[in-house]
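Single-structure report; data block below.
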Amino acid sequence: MHPPESASQAVTLAQELVERWPYAASATAAIVAGLLAQYLLKPDPLAGFPIVGKGSVHKRRKYFVSGRARELYFEGYRQLYNATNAAFRITTSRETEVVVIDPKYAKELAKLPDNFLSFNKAVEETMQEKFTHVSGNGGAYLPHTIKANLTPALGRLNPVLAKEVRESMELELPQTSEWTEFILSPKLYRIVAMASGRIFIGAELCRQEEYLDAAINYTIEVMTAVFLIQMMPTWLRPILAPWIPHVRKLEKQRQRAKDFLVPIITARRKAAAEDPNYQPPDDMLQWMDDDLTKQQGKRPTVEDLAIQQLGISFAAIHTTTMTVTNVIYTLASMPELVPVLREDVRQALEETDGEFTSLALQNMKKLDSFMKENLRFYSMSASSFQRKVLQPFQLSNGQVIPAGVIIELPSCAVNADASVFPDPEKFDPMRYYKLRQSKEGPGGDEADEADPDKKVAKLSGAKAAEVTASSQFVSVSPSSLTFGLGRHACPGRFFAANEIKMIMSVMLMHYDIALPEGETARFPNLTFGHTSAPDPKRLVRMRKLADM
Ligand code: HEM
């Protein structure tokens, strides 16, 4: 029996292949080798950047998220000192390669435009936008409204803000002269949300529970979702992240925020259209509505505006609350500092008859210094100036930073650098106050060698001048990176500074604060990934003072 024709053809073909296989094999090998060579010989644009940390990518990532990220930044920063390299690589919880650049290039980085360095794209990656849908563009118009409307109006708004700070503190804090122990963080969240809300959405709404829920819990939910996603191996994220309850809750929360705000915005617009004597409210919601209309040439949809409003709470409430919590935890552990700061506040307010004017707030220089030392010592993020590189660019040392990576500045390492901050491991509440007092900068003629309390360490040249010049809470510079740097540096920091000073002033003038009985040490912060946060479960003691 003969095999069918097609089968016999196949056999012939196979025979031919067998006969010719040496040619076929070598041709295939040549193609594979060519591709491999192309892959292997292609210059790796990151080859010149050493990697900090040990072991596989998985191991390094685990180390980073486990709470030891700062050690890695310190290690990389130390290497930069004696290297020709301008940067090192670090494995973070991101999928994208992260290149940490020497802060001496910070000023040239800050000049690069958004089509080279994208703030929004970096935020989207940080916020795990793929899963949480928290977009870098969510608050795209906010910086403009803050710079154009909020910051210039602070002089006018300070008394209004101060009133809400006082009242919300009365509502939330113990009003008895007996020492009372309680968990501080939830109270501060509400105080900050109410006080900020007074300026963001007005007096009638800032104490409503729907607003407070959106302002406080949306951010907490986003941050928890981001944290849980970061803890997962990158390959598992697309499979598991959408099922995390915190991720699933976010859309519902955004909808709740819209349900609350949309009728309010609609009513405002209706009143403006129908009532010729209508006085628009003097708050951020209104400024955003007007500013967006100007920028876009048409009124934003009410839903868009509601999301912008959520965006401002997102940027403002969590950051401010964590900062005040840090400041109060430190104060509670340094009772000797209370009279010093109390006197600073008393003197500043005495000059303005007790009014929280811009002048009074500026004059609280010791409080300002204490707050800023908290930012340095308990910096909330290990790095700053996170940007996605959209186009390759060259640093002034000739090194090329390729497109596609995330760049950062190692702010935690700068904060701990003895050549920038003498005795960096010491918490010195008056560090920045002394710098401001020393006309010539640290080590200058004003430094009082005889009085160790007034003595400021000797730093040299440009670095010293820069540290001195950026010694106010709101200053930003390569040695002062808590609020970022350049065109995207936090526009809300002036508002935050005023609000925090008011909260601290009211606390100092009307309350005594202490750690729980038997405790003397400052509560350690909790660290995970980049973040260092005050422990939200800690108790403090307070008692109301008789009016001073
Ligand atoms: C102590 C409290 C605060 C801290 C520590 C903080 C920190 C930051 C940081 C690190 C950035 C990124 C800067 C960069 O990468 O260059 C930023 C951006 C931003 N912050 Fe703040 N912030 C605070 C309070 C506020 C407040 C109260 C507001 C609103 C009133 C606000 C609104 C914003 C906005 C809108 C951006 C984005 C800027 C842009 O896209 O250009 N922040 N903030």
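Values in this text are rule-based calculations from the coordinates and carry no lab data. Since this is a predicted model, take the numbers as computed values, not measurements. Every residue, glycine among them, receives a Cβ derived from its backbone with ideal geometry; neighbour counts consider all protein chains shown.
Quick look at the numbers
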{"read-out": "Contour minus Cα-Cα distance for Leu171 and Thr96 (0.36 nm per residue)", "value": "22.4 nm"}
{"read-out": "Computed FRET value (nearest 0.05) for Asp275 with Glu210, which takes r as the C-beta separation and R₀ as 30 Å", "value": "0.70"}
{"read-out": "All aspartates and glutamates inside 19 Å of Lys147 as judged from Cα atoms, apart from same-chain residues fewer than 8 positions distant", "value": "Asp114, Asp282, Asp283, Asp289, Asp290, Asp291, Glu499"}
{"read-out": "Furthest towards positive pole of dipole, Ala348, Tyr63, Gly398, structure part the chain, Cβ charges", "value": "Gly398"}
{"read-out": "Cα centroid separation - the range 470-486 against the range 487-503, whole Å", "value": "12"}
{"read-out": "Exceeding the 20 Å Cα-Cα cut-off - candidates Lys107/Lys426; Lys111/Lys388; Lys366/Lys426; Lys372/Lys434; Lys121/Lys372; Lys163/Lys187", "value": "Lys107/Lys426; Lys121/Lys372"}
{"read-out": "Where chymotrypsin sites (Phe, Trp or Tyr not before Pro) fall in DSSP loop in the range 178-223, at most 15 other Cβ within 10 Å", "value": "Trp179"}
{"read-out": "Estimated inter-spin distance, Asn85 and Ala47, nm [label 7 Å along Cα→Cβ]", "value": "1.5"}
{"read-out": "Nearest 10 degrees, 0 to 90: helix 493-510 Cα axis against the chain principal axis", "value": "40"}
{"read-out": "Full-extension gain in nm, Arg346 to Ala465, via 0.36 nm per residue minus C-alpha separation", "value": "39.8 nm"}
{"read-out": "Neighbour-limited loop hits for trypsin sites (Lys or Arg not before Pro), the range 405-436 (at most 10 other Cβ within 10 Å; DSSP other than H, G, I, E, B)", "value": "Lys426"}
{"read-out": "Furthest towards positive pole of dipole, Leu508, Ala86, Met380, structure part the chain, Cβ charges", "value": "Ala86"}
{"read-out": "Nearest 10 degrees, 0 to 90: helix 184-200 Cα axis against the chain principal axis", "value": "90"}
{"read-out": "Separation between Cα centres of the range 328-386 and the range 135-191, rounded to whole Å", "value": "16"}
{"read-out": "Rounded tilt (10° steps) of 302-332 against the dominant C-alpha axis of the chain", "value": "70"}
{"read-out": "Over the chain: helical MRE at 222 nm, DSSP H runs n ≥ 4 each giving -39500 (n - 2.57), nearest 500", "value": "-16500 deg cm²/dmol"}
{"read-out": "In nm, spacing of pseudo-spin labels at Ala418 and Phe182 (7 Å Cα→C-beta vector)", "value": "4.5"}
{"read-out": "Length added when fully stretched, Phe227-Arg543, from 0.36 nm per residue minus Cα-Cα", "value": "110.2 nm"}
{"read-out": "Separation in nanometres of the label points that stand 7 Å from Cα toward Cβ, at Glu517 and Glu303", "value": "5.6"}
{"read-out": "Size-normalised alpha-carbon gyration radius of the chain, reference 2.2 N^0.38 Å", "value": "1.17"}
{"read-out": "Lys, Arg +1 and Asp, Glu -1 on Cβ, resulting dipole of the range 142-544 about Cα centre, debye, nearest 20", "value": "1180"}
